[in-house]
1. Could you check, for region 32-48, whether at least one of its residues is touching a helix residue (DSSP H, G or I) at 6+ places or on another chain (Cβ under 9 Å), at pLDDT below 65 and outside any loop (DSSP other than H, G, I, E, B)?
2. For region 111-134, enumerate the residues that are under 20 Å from residue 173 (Cα atoms), touching a residue at least 24 places away in the same chain (Cβ under 8 Å) and either surrounded by fewer than 17 Cβ atoms within 10 Å (Cβ to Cβ) or not assigned by TED's automatic domain parsing to the domain that holds residue 197 (or both).
3. In the set 216, 208, which member is surrounded by fewer than 18 Cβ atoms within 10 Å (Cβ to Cβ) and touching a residue at least 40 places away in the same chain (Cβ under 8 Å)?
4. What are the residues in region 63-87 that are more than 20 Å from residue 172 (Cα to Cα) and modelled with pLDDT of 55 or more, if any?
């Protein structure tokens, strides 16, 4: 899960352009082919709309690829936190689920949606080992929140993060995720509050990350909260 950066508006704009080009190309191609078939002649060659469809499709593929690497400009400390979280989660979940469930989680981790991961993680949360280990529970709740965000279920993501924050109120990753969810729900003040809490947990050596979070707070104050991704599963689009 990444945090907002200044390229989000451009990314959203070009995604809209790609979808528009693709949609117009497909609709126009169908219309042209329908007219040609109705007239029984090749009156209107559909080469241009077909080209537009292909161009839009290629743009969408490129944007999907870029979305998975958009954290390169994030503060190094934040990326290190995410790496540590991912390592701890995968090391933990391997002890709690069978091989099939682990494979499903791993596959859906690299996909745009999580159709099965939620139920696997919910079952893991009631595992006796997890119930007796707050650290394990925190890891699984954070991952479940990520899946709900990918599925555009921001209310449930907020519920998972509330539970995570009851375990670790000043956890940086949990608070940044909560700020993201509040933004997607349109609650700017709550997002700012979560960002402020995230900053409180940082050390004096976290100047770069503190500056980055402060920039997000200033952006919300000036422009209001970001809107959620317009396509299900594109959780990196607005980050």
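1. For region 32-48, residues touching a helix residue (DSSP H, G or I) at 6+ places or on another chain (Cβ under 9 Å), at pLDDT below 65 and outside any loop (DSSP other than H, G, I, E, B): present.
2. Result: 134, single match.
3. 208
4. Scanning region 63-87 gives 63, 64, 65.
The values are calculated or read from the model by the stated rules, or taken from the named source; none is laboratory data. Quick caveat, the model's predicted, so the values are computed rather than measured. So basically every Cβ, Gly included, is an ideal-geometry build from the backbone, and we count neighbours across all protein chains shown.
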